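Every number here is computed from the coordinates shown, using simple stated rules; none is lab data. Fair warning: this is a prediction, and the values are worked out from it, not measured in the lab. Cβ placement follows ideal geometry from the backbone for every residue including glycine, while neighbour counts extend to all protein chains displayed.
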Amino acid sequence: MSTFWLLVRAGFRRHSTYRLALLAGMATNSVFGVIRASILLAALASAGTDIAGYDAPTAVAFVWWGQALLGTVNLWGFQEVNDRVRTGDIAVDFLRPVDPQLAYLAGDLGRAGINLLARGLPALAIGALLFHFAWPPGALSWASGLVSVLLAVVVAFAGSFVVNLLAFWLVEVRGIRMLYMIVGGLLSGLYLPVPWFPGWLQTIAQWSPFPSMLQNPLDILAGRVVGVDVISAVGVQVFWAVALLGLGQFVLSAGRRRLEVQGG
Amino acid sequence: MGDRLEPYRVLLASRMRAQMQYRASFVTDILGTVGVGLAEFAEVWVIFHNVNVLGGLDFTAALLVFALSNIAFSLADLFVGHLDRLPTYIRAGQVDSFYVRPLPLLAQLMTSDLSLRRVGRLSVALVALTVALTTADIAWSAAVVALLVVTIVSGTAIFSALFTAAGGLQFFLVDGAEFTNSFTYGGSYAAQQSQQVFPDPLRIFWTFVIPTAFVAYLPAVTILEIPGDRLAPWWLAWCTPLAAGLAWTIAGLCWRAGTRHYQGAGG
């Protein structure tokens with residue numbers, strides 16, 4: 001366990017080196033936050049009432065928590081593992097006395113931590129300055145919201161890890177990664193809240209792991225989901241975290257048997 | 001003149017041939033950019049699933065704004081979008097190798113790639129434009145056709161200018177390259193919207209500072225003769241070439257400042 005912690009801290013330090021990049025990411029997140037919040041507010045004004053349980057302050061909170069968590073949750077995925085499989089460096093990961101999935105998860109949690117502190121919270125502060133904002137309605141929402149964010153980071157990591165491992169069988173994973181990004185961006189609720197979707201698209205979203213990567217923590221933090229519903233929102237995330245991590249282990253061991261690295 | 005352009009023609013032709021070599025990968029890339037276009041459209045469509053009017057535009061009008069901005073953006077992305085990769089070139093010292101060749105740096109960078117896969121997103125936008133123009137109630141005239149052509153050309157020029165300005169700033173930013181995304185990709189996102197969704201200060205910003213309102217919303221208001229927006233008088237749409245000219249002046253200054261600032265990678 002102490003190895004895991006060391007790797008988390010290493011990930012945190014590694015990503016805190018690029019301070020200007022963190023600041024730049026925060027600035028871009030804020031610009032998109034302003035545009036997206038304006039659109040949602042205009043839609044609510046046009047409807048004249050709430051849409052699917054979002055009133056103006058909830059919708060604004062939904063947008064800005066989403067922008068704040070965009071750097072924290074690795075929604076777009078990563079390609080480090082994919083590259084290492086292709087170059088054969090993954091063999092080195094197999095030689096290490098730590099499970100590769102756990103090691104990469106630890107690094108990603110560290111990355112998430114520095115991004116939440118240095119990129120997410122300042123973006124959230126800008127949003128709160130510019131817009132009228134619904135804060136989490138109580139201590140319970142804060143606490144469950146943070147647990148939900150942690151689970152979202154794990155689910156997003158586990159999903160992208162599986163996609164990366166497909167490189168064991170396919171030469172070029174870029175097309176699949178792109179598809180994953182497009183579908184994930186839409187179904188995770190990054191652009192618009194999932195409850196705004198037409199029925200059939202909502203059903204597809206709810207059967208996919210993507211809302212667990214963003215929509216669920218956003219709903220808890222924006223105060224749209226409260227009380228007993230929080231338990232089911234977090235429960236779904238736990239299910240997807242376990243399922244995708246398990247799938248990752250399975251694919252990893254299957255790929256390990258297949259892996260053939262040339263040279264000494 | 002023909003002789004001077006010959007190297008660029010050869011460069012571009014080789015880039016295009018190279019992309020076609022891996023047929024399967026090229027097809028997946030195109031499908032990918034079609035997917036990006038469809039996802040962008042889904043956002044507009046989901047909103048209009050909930051409301052009938054957004055920022056003074058009905059669905060057809062919003063579709064026209066979406067189409068015009070996406071056509072301009074994907075054309076600009078096709079021609080100069082790869083300037084985005086400049087920070088990687090700078091870090092790897094590859095910019096120096098461009099400098100030793102006897103062609104201007106910007107022209108070389110622009111012709112260093114022509115990402116044909118980006119036609120995927122362009123085709124989604126063209127379908128949207130066709131649907132919008134046929135279903136909308138438009139009083140067709142020579143002026144409307146002229147305005148459409150002027151808009152697409154100038155809109156492409158505006159986004160290209162934004163990419164070039166971003167490229168110039170990369171020489172200063174390097175690690176902070178993502179800063180410029182806020183006005184390139186952020187500008188494209190803002191251009192797709194009815195400008196009436198924004199509060200006034202922001203509208204002035206997207207019209208006179210980063211002129212993305214000219215790319216789609218202002219021409220659409222004029223073409224569809226939508227009344228009632230005091231910040232979008234009908235004649236403003238005809239100033240789109242002027243906005244493109246100003247954007248290119250600023251882009252040129254940014255590029256000049258950037259290349260003057262650049263000291264080489266010391267290789």
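Here are the numbers for this structure:
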| item | result |
| --- | --- |
| Relative contact order (%) - chain A, alpha-carbon pairs under 8 angstrom, separation at least six | 27 |
| Sorted by Cβ density within 10 Å, fewest first, the residues B:MET110, A:MET26 | B:MET110, A:MET26 |
| Distance from region B:153-207 to region B:223-267 (C-alpha centre basis), Å | 9 |
| Low-density loop positions, chymotrypsin sites (Phe, Trp or Tyr not before Pro), region A:144-225 - DSSP coil, at most 10 other Cβ in 10 Å | A:TRP207 |
| Quarter of Cα convex hull surface for the protein assembly as shown, i.e. mean projection, nm² | 27.2 |
| Amide H contacts under 5 Å for B:LEU57, placed H, 5+ residues apart | none |
| Region B:35-107-region A:128-183 distance, computed between alpha-carbon centres (Å) | 24 |
| Loop chymotrypsin sites (Phe, Trp or Tyr not before Pro), region B:100-182 (other Cβ atoms within 10 Å of the site Cβ: 13 or fewer; DSSP) | B:TRP140 |
| Under the span-like rule (Cα at least 20 Å along the axis, Kyte-Doolittle mean at least 0.5), DSSP H helices of chain B | B:23-50, B:59-80, B:119-135, B:142-173 |
| Per-pair calculated FRET efficiency, R0 = 51 Å: B:THR130 and B:LEU103 via Cβ, rounded to 0.05 | 0.85 |
| B:VAL153-A:THR3 pseudo-label distance in nm [points 7 Å out on the Cα-to-Cβ vector] | 6.6 |
| Positive-pole candidate from A:ILE51, A:THR17, A:VAL226, dipole of chain A, charges at beta carbon | A:THR17 |
| Long-range Cα-Cα pairs in chain B (distance over 22 Å), rounded percent | 59 |
| Net charge of neighbours whose Cβ lies under 13 Å from the Cβ of A:VAL236, counting Lys and Arg as +1 and Asp and Glu as -1 | -2 |
| Magnitude of the charge dipole, chain A, Cβ model with Lys/Arg +1 and Asp/Glu -1, debye to 20 | 600 |
| Kyte-Doolittle mean at least 0.0, axial Cα span of 24 Å or more - DSSP H helices of chain A | A:19-47, A:139-165, A:228-258 |
| The protein assembly as shown - charge dipole about Cα centre, Lys and Arg +1 at Cβ, Asp and Glu -1, debye rounded to 20 | 1340 |
| Sorted by Cβ density within 10 Å, fewest first, the residues B:CYS239, B:CYS254 | B:CYS239, B:CYS254 |
| Principal semi-axes in Å for region A:127-217 [√(5λ), Cα gyration tensor, largest first] | 29, 17, 12 |
| Dipole magnitude of region B:127-249 about its Cα centre (Cβ charges: Lys, Arg +1; Asp, Glu -1), debye to nearest 20 | 140 |
| Kirkwood hydrodynamic radius over Cα pairs of region A:2-257, then Stokes diffusion coefficient at 20 °C and 1.002 mPa s, in µm²/s | 114 |
| Residues B:SER194, B:SER25, sorted so that the one with the fewest Cβ neighbours within 10 Å comes first | B:SER25, B:SER194 |
